[in-house]
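The structure appears below as structure tokens.
The values are calculated or read from the model by the stated rules, or taken from the named source; none is laboratory data. Nothing here was measured: the structure is a model prediction, and the numbers come from that model. Cβ: placed from backbone, ideal geometry, glycine included. Neighbour counts: every protein chain shown.
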Amino acid sequence: MRNSDDKYREDFDVENVFLVSDKDFIDDRVEIPFAQHTTTSALVVALLTLGLFVLQTLYLNVVRGGVFEEISFGNSENIEYINAPRGIIKDRFGEEIVGNKTGFDLVVYGSRLPKTDDELDMVIKKTSELTGMIEDDVRIFMKDVQQQRLKEAVLIHNMDMQKALVFQSITLSGVRAKERYLRNYLFPDAFASITGYVGLVTGDDLKKRKDMLGDDYVGRGGVEQYYEMMLHGKNGRRILKRNGGVGEGVVLFEPKRGGDITLTIDGELQKYMYERLEEARRTLRTDGAVGMVMDARNGEVLSLVSLPGYNPSWFLDSAHKEDIKRVFNDKLHPLFNRAISGAYSPASTIKPLVGFAALREGVITPTTIVAGHEGVLVVPNPYHADQPSFFRDWKIHGDLDVRNAIAESGNIFFYTVGGGAYGIKGLGATKIKQYWELFHLGEKTGIDLPEETAGFLPSPEWKEKTKKSVWRVGDTYNISIGQGDLLLTPIQIMRYISAIANKGFMAQPHIVKNSTRETLIPLETTRDKDERWFTIIQSGMRATVESPRGTAHLLSDIPVSIAAKTGSSQINWNTKTNALFVGFAPVEEPEIVILILIENAQSSLLNAVPVAKDVLSWYNNNRGFAGQKK
């Protein structure tokens, strides 16, 4: 007997559901078909869902696969980081100054060191035996790596190649000779003040930069430090084979070299400046020296030398530990960049600025004559008539106008126009400080090198507040000739001279070529009529070279028009003298500005001027000037 429900099951085919129409009625069976739009919607949803699954699979495996792969291997004991080469540093003509070379570091991998004391002792003894290191030193290092849970740490930097080959030929748990890129300083001593050096990262570096490794090198000083983010490449990664040798394994990410840098520096000029200054320092037995040349038209620094120097390559080699120690302990501070961080009394190099201020403020005219007073300016003492103050010149000059006062560097003239005397009111300390600020003295130049300092501009208010003493006319006399508490960096002095050369437009010093930089910055309050005053100051600086009485007459036989100013700054209670020279050429269309400073020298005439002459002659012979003498 057939069940009553069976009649509803007979001849019923699921596939037929899609074939019946909305009018199909067979016997007492009722069939309700899917509407066409419902079917289509269901298919679309199914296809979309399938498509999303496919896309997600592709995204996770192809697009993000490397990231997840890196994460999955991140905690692996067999992961090794491949240090990226740093970017190359070239001079303005494309000559390589700093490149890269391959070397080996002896690396300790904390997670791969033996866990038992006996096995660790064996590794320590073997490492000590192969490297020649003291066993206790190796033990302390490895224990420290374990305690800090470091993935890897460098035991020996730039190790000897033969020793590296030995470590490659054996299996020593947790210790490997790792091939890496090392900095190659092609002209280390001559360029150290520009390039700086690289050193291993510190804990602070690792906190700031999550992309760094424990054996990474970072810039210390110079463009290596200033452009660290550009020069530092992106490290790669590989999975090491078990017991694999150096370089063996599966590379996950290839290392990417850092960006290259082109300097504004003229490499040949830099080398000549370094050699000439080093020769002068050895001959004169002086403490230190600075030499700089800058393009007056755009602020490109063509040469920058700070002595004493050092060899950046020492910081890459464990064999030079004693050399590095000597550098850090040297009382003359070789790592200190005197060109941008040294604060010096500018001495008579400030006189062109004081002369400009006196002309512009109407304190004097171009024809005003100031008497020489036999080389001594006598200032009466209002409290004790029998105890006047004496302000002496460095020699007896006689009567001078502003042009000859600059050329001969007459102190009496600038005492008078700065502080006032014999019927001339003088600028006064406050007005002089305003002109320092007009020429951006006492502030950083913004040169693209680290650790630049701002110098110091004294004032009556500062003296009263800090020294609890009133500002006297003698203080104004001192700052009028660049002595006293006024302190400037060599780069500031050179930049201010560029404004004299360009008649009110100041060059912005920079070390790396960059087309977006400002090149000439107008002095804020300079008016059109000030060009006349700049021309007069230039003529005084020109007479410094051309006049037989000029303090830089030694340069007069160079076949190009040169404007200059010399200075001799007394320091250490007049026990030492710093010699300075600043100048620009050609006078008609200035191309370069030059500064020479020699510490603890006898005088600018005897020391700084001869060096300047040789550098200018080299430049004229090897680079040439557009506006040469006719």
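In the stretch 588-601, the residue that is surrounded by the most Cβ atoms within 10 Å (Cβ to Cβ) out of those that are touching a Ser or Thr at 6+ places or on another chain (Cβ under 8 Å) and charged (D, E, K, R) is Glu599.
Does Tyr59 satisfy being farther than 30 Å from Val223 by Cα, modelled with pLDDT of 65 or more and either in the same structural domain as Phe315 (by TED's automatic domain parsing) or surrounded by 11 or more Cβ atoms within 10 Å (Cβ to Cβ) (or both)? For Tyr59, the condition - farther than 30 Å from Val223 by Cα, modelled with pLDDT of 65 or more and either in the same structural domain as Phe315 (by TED's automatic domain parsing) or surrounded by 11 or more Cβ atoms within 10 Å (Cβ to Cβ) (or both) - is not met. Taken together, the residues in the stretch 265-308 that are closer than 16 Å to Leu332 by Cα, touching a Phe, Trp or Tyr at 6+ places or on another chain (Cβ under 9 Å) and assigned to a loop (DSSP other than H, G, I, E, B) amount to 1.
For the stretch 108-115, indicate whether the set of residues that are touching a residue at least 24 places away in the same chain (Cβ under 8 Å), under 21 Å from Lys321 (Cβ atoms), in a helix (DSSP H, G or I) and not aromatic (Phe, Trp, Tyr) is non-empty. No, there is no match, as no residue in the stretch 108-115 is touching a residue at least 24 places away in the same chain (Cβ under 8 Å), under 21 Å from Lys321 (Cβ atoms), in a helix (DSSP H, G or I) and not aromatic (Phe, Trp, Tyr).
Phe439 meets the conditions (1) more than 24 Å from His510 (Cα to Cα); (2) at pLDDT 95 or above; (3) of a type outside the set (Asp, Glu) in every case but one. The failed one is (1). Beta carbons closer than 6 Å, at least 6 apart along the sequence or on distinct chains, pair a first residue in the stretch 253-269 that is assigned by TED's automatic domain parsing to the domain that holds Ile97 and over 21 Å from Pro188 (Cα atoms) with a second that is buried (at least 16 other Cβ atoms within 10 Å of the Cβ) and not small (Gly, Ala, Ser) for Phe253/Arg237; Pro255/Ile82; Pro255/Asn235; Arg257/Pro85.
Look at Thr349 and say whether it is out of contact with any Asp or Glu (no Cβ under 6 Å at 6 or more places or on another chain), part of a loop (DSSP other than H, G, I, E, B), at pLDDT 95 or above and more than 30 Å from Phe104 (Cβ to Cβ).
Working: out of contact with any Asp or Glu (no Cβ under 6 Å at 6 or more places or on another chain): yes; part of a loop (DSSP other than H, G, I, E, B): no; at pLDDT 95 or above: yes; more than 30 Å from Phe104 (Cβ to Cβ): yes.
When the stated conditions are applied, Thr349 does not pass them.
Is it the case that Asp287 is acidic (Asp, Glu), within 28 Å of Asn478 (Cβ to Cβ), touching a residue at least 12 places away in the same chain (Cβ under 8 Å) and surrounded by fewer than 22 Cβ atoms within 10 Å (Cβ to Cβ)? The answer is yes for Asp287. Exactly one residue out of Ser169, Ser193, Ser173 is surrounded by fewer than 17 Cβ atoms within 10 Å (Cβ to Cβ), touching a helix residue (DSSP H, G or I) at 6+ places or on another chain (Cβ under 9 Å) and small (Gly, Ala, Ser): that is Ser173.
The rows are residues; the columns are (1) modelled with pLDDT of 95 or more; (2) of a type outside the set (A, V, I, L, M, F, W, C).
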{"position": "Val354", "(1), (2)": "yes, no"}
{"position": "Ile364", "(1), (2)": "yes, no"}
{"position": "Phe391", "(1), (2)": "no, no"}
{"position": "Gly398", "(1), (2)": "no, yes"}
{"position": "Gly410", "(1), (2)": "no, yes"}
{"position": "Phe413", "(1), (2)": "yes, no"}
{"position": "Lys444", "(1), (2)": "yes, yes"}
{"position": "Glu452", "(1), (2)": "yes, yes"}
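Between Ala543, Ala601, which is assigned by TED's automatic domain parsing to the domain that holds Leu359, farther than 26 Å from Gln434 by Cβ and at pLDDT below 95?
On the way: Ala543 fails: at pLDDT below 95.
Going through Ala543, Ala601 in turn, just one is assigned by TED's automatic domain parsing to the domain that holds Leu359, farther than 26 Å from Gln434 by Cβ and at pLDDT below 95: Ala601.
Here Gly550 fulfils each of the conditions (1) more than 29 Å from Asp485 (Cα to Cα); (2) in a loop (DSSP other than H, G, I, E, B); (3) of a type outside the set (Ser, Thr, Tyr) apart from (1).
For the stretch 470-499, enumerate the residues that are charged (D, E, K, R), touching an Asp or Glu at 6+ places or on another chain (Cβ under 9 Å) and not in a loop (DSSP other than H, G, I, E, B).
Of the residues in the stretch 470-499, the ones charged (D, E, K, R) are 472, 475, 485, 495.
Pick out the ones that are also touching an Asp or Glu at 6+ places or on another chain (Cβ under 9 Å) and you get 475, 485.
Listed by number, the list holds a single entry, Asp475.
Would you confirm, using the coordinates I've provided, whether Glu461 is assigned by TED's automatic domain parsing to the domain that holds Thr566, charged (D, E, K, R), over 18 Å from Leu488 (Cα atoms) and under 38 Å from the mean Cα position of the chain (by Cα)? Yes, satisfied. Just one of the listed residues (Gly484, Gly428) is assigned by TED's automatic domain parsing to the domain that holds Phe581, on the phi > 0 side of the Ramachandran plot and at pLDDT 95 or above, namely Gly428.
Within the stretch 279-291, is there a residue that is more than 29 Å from Glu408 (Cβ to Cβ) and touching a helix residue (DSSP H, G or I) at 6+ places or on another chain (Cβ under 6 Å)? Checked against the condition, which is being more than 29 Å from Glu408 (Cβ to Cβ) and touching a helix residue (DSSP H, G or I) at 6+ places or on another chain (Cβ under 6 Å), the stretch 279-291 yields no hits at all.
You will find that of Gly309, Gly291, Gly362, Gly355, the residue that is in contact with a Pro (Cβ under 7 Å, 6 or more places away or on another chain) and in the same structural domain as Gln508 (by TED's automatic domain parsing) is Gly309 and no other.
In the set (1) modelled with pLDDT of 90 or more; (2) within 25 Å of Pro312 (Cα to Cα); (3) not small (Gly, Ala, Ser), the condition left unmet by Ile124 is number (2).
When the residues of the stretch 114-132 are narrowed to those that are surrounded by 14 or more Cβ atoms within 10 Å (Cβ to Cβ) and out of contact with any strand residue (DSSP E or B) (no Cβ under 8 Å at 6 or more places or on another chain), which ends up nearest to Gln168 (Cα to Cα)? So the residue we want is Leu130. What residue, among those in the stretch 564-587 that are at pLDDT 95 or above and surrounded by fewer than 23 Cβ atoms within 10 Å (Cβ to Cβ), is nearest to Arg392 (Cα to Cα)? Here the residue is Val587. The residues of the stretch 84-107 that are in a strand (DSSP E or B) and over 25 Å from Lys163 (Cα atoms), listed by number, are Ile89, Lys90, Glu96, Ile97, Val98.
Anything in the stretch 133-145 that is surrounded by 16 or more Cβ atoms within 10 Å (Cβ to Cβ) and part of a helix (DSSP H, G or I)? List them, or say none.
We begin by selecting, within the stretch 133-145, every residue surrounded by 16 or more Cβ atoms within 10 Å (Cβ to Cβ); these are 133, 138-139, 141-142, 145.
Val138, Arg139, Phe141, Met142, Val145, listed by residue number.
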